[in-house]
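Input: a single structure, listed below in structure tokens.
The values are calculated or read from the model by the stated rules, or taken from the named source; none is laboratory data. Computed from a prediction, not measured in an experiment: that's the story for all the values here. With ideal geometry, Cβ positions are generated from the backbone for all residues, glycine too; neighbour counts draw on all protein chains shown. Ligands, DNA and RNA are stripped out before the accessible areas are found, and what is left, the full protein with its side chains, is counted by its heavy atoms. Shrake-Rupley method; radii C 1.70, N 1.55, O 1.52, S 1.80 Å.
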Amino acid sequence: MRGAVLYGPGDVRVEDRPDPHIVRPTDAVIRVTAACVCGSDLWPYRGVDASDGPAPMGHEYVGVVEQIGDQVERIKVGDFVVGSFFASDNTCEICRAGYQSRCVRAEPIGAIGTQAQYARIPLADGTLVATPAMPDADLVPSLLAASDVLGTGWFGAVAAEAGPGRTVAVVGDGAVGLLGVLAARRLGAERVVIFSRHADRQKLATEFGATDILTERGDDGVEALKELTGGLGAHSVIEAVGTQESMMQAIRSTRPGGYVGYVGVAHGVELPGEELFFSGVHLHGGPAPVRRFLPELIGLIWDRAINPGRVFDLDLPLDEAAEGYRAMDERRAIKALLRP
């Protein structure tokens, strides 16, 4: 099969890889009908995260089940499925508490690589969710978004306690931040503020429900937000970047007693203990338990109540994956969809 492989910073190649097969009786093999490049893929692409030799890429995926192991009971051959970026059994105590990305048997799908024609999905019954039928073609991008960026933005909003009567601020205007806006509005937030300097992303954020746009960042962004909120800060802040600056901007933008939902993959983030102590701010986040939200999100997409697939502004054949990486790295694209 064809699949994307990262050889080093800036060096993504699509080449022949071994076809996947059933390894454990709880596995499924799917034919990937759509995959994509994630913002978190850019960390190793830029050389920020070290990689040891050629590595398969991709952890977002939708597709059709081609094979199942002997112990797979809920997923059937022929199902169109959406899965999370972490495999989980969905039965352990951690999963039952709603944190499937931290399942006691969790396996990172990124180590398998779904920017490919086929993929082996471990723990298929706990990881995959089948759609009611074969989806219309125009729904596929939105279902793909549910595999990570929609579920991650949704978790960011839930972790930040977004809801009726609340002002929600979003730090980060990538796909996760934009879908955090969508999630916050769906959860009933009264006001949603996004920090963004890019006209195309501002427009999409507004269409997803943002009520205010701020172009400042860092401490200037904090001051601008406080001016909008009577000096108090937001009730809820979604942190969707993962840098020291973005995390501190999120914490400082939150009013005492408020909540930060942090879902940006942290790189070099260190929290100042004394400032955090006196902030009175709740912090909750980490790798999003996408599997918790998949049934609800698939339902909303299936009923055409939301259209998160609009974050894909570049659509490429799999063999042009390298261009997808370049476009996102250069901020010429919000998110690149790859079609095997």
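Which percent of the Cα-Cα distances in segment 225-340 go past 20 Å? Walk me through the intermediate numbers first.
Values: 4037 of 6670 pairs.
Tail of the P(r) past 20 Å holds 61 percent of the pairs.
Computed over the alpha carbons of the chain, Rg followed by Dmax gives 19.4, 60 Å.
If the chain linking ALA305 and HIS21 were pulled fully straight, counting 0.36 nm for each residue of separation and taking away their Cα-Cα distance, it would gain 98.6 nm.
Think of segment 150-252 as a dipole: +1 on every Lys or Arg Cβ, -1 on every Asp or Glu Cβ, centred on the Cα centre; then among SER196, LEU150, GLY174, LEU150 lies furthest on the positive end.
Based on Cβ point charges of +1 for Lys and Arg and -1 for Asp and Glu, what charge dipole magnitude is obtained for segment 19-153 about its Cα centre, in debye rounded to the nearest 20? Please list the in-between numbers first.
On the way: 9 positive and 17 negative charges, 33 e Å.
Its charge dipole is roughly 160 debye.
Can you check how the C-alpha radius of gyration of segment 24-106 compares to 2.2 N^0.38 Å, as a plain ratio?
Normalised Cα radius of gyration, segment 24-106: 1.27.
Tell me, what is the percent relative contact order of the chain, built from C-alpha pairs under 8 Å that lie six or more residues apart?
19 percent
Run lengths n ≥ 4 of DSSP H only: what is the helix-derived mean residue ellipticity at 222 nm for the chain, with -39500 (n - 2.57) per run over all residues, to the nearest 500? Walk me through the intermediate numbers first.
Working: 12 runs with 101 residues, N = 340.
My calculation for the chain gives -8000 deg cm²/dmol from helical runs alone.
The residues of the chain expose on average 41 square angstrom of accessible surface per residue, using a 1.4 Å probe on protein heavy atoms. Averaging 1/r over every pair of different alpha carbons in segment 121-255 and inverting the result gives a Kirkwood radius of 15.3 Å.
Modelled spin labels at HIS282 and GLU330, positioned 7 Å past Cα toward Cβ, are 4.4 nm from each other.
Using Cα pairs under 8 angstrom and six or more residues apart, how large is the relative contact order of segment 224-270, in percent? All intermediate terms of the calculation are to be shown ahead of the outcome.
On the way: 79 pairs, mean separation 19.8, N = 47.
So the answer I get is 42 percent.
A Förster radius of 22 Å, combined with the Cβ-Cβ distance separating GLU66 from VAL104, puts the computed FRET efficiency at roughly 0.20.
A dipole drawn for the chain from +1 and -1 charges on Cβ atoms has a positive end, and of ALA250, ALA266, GLY209 the residue lying farthest that way is GLY209.
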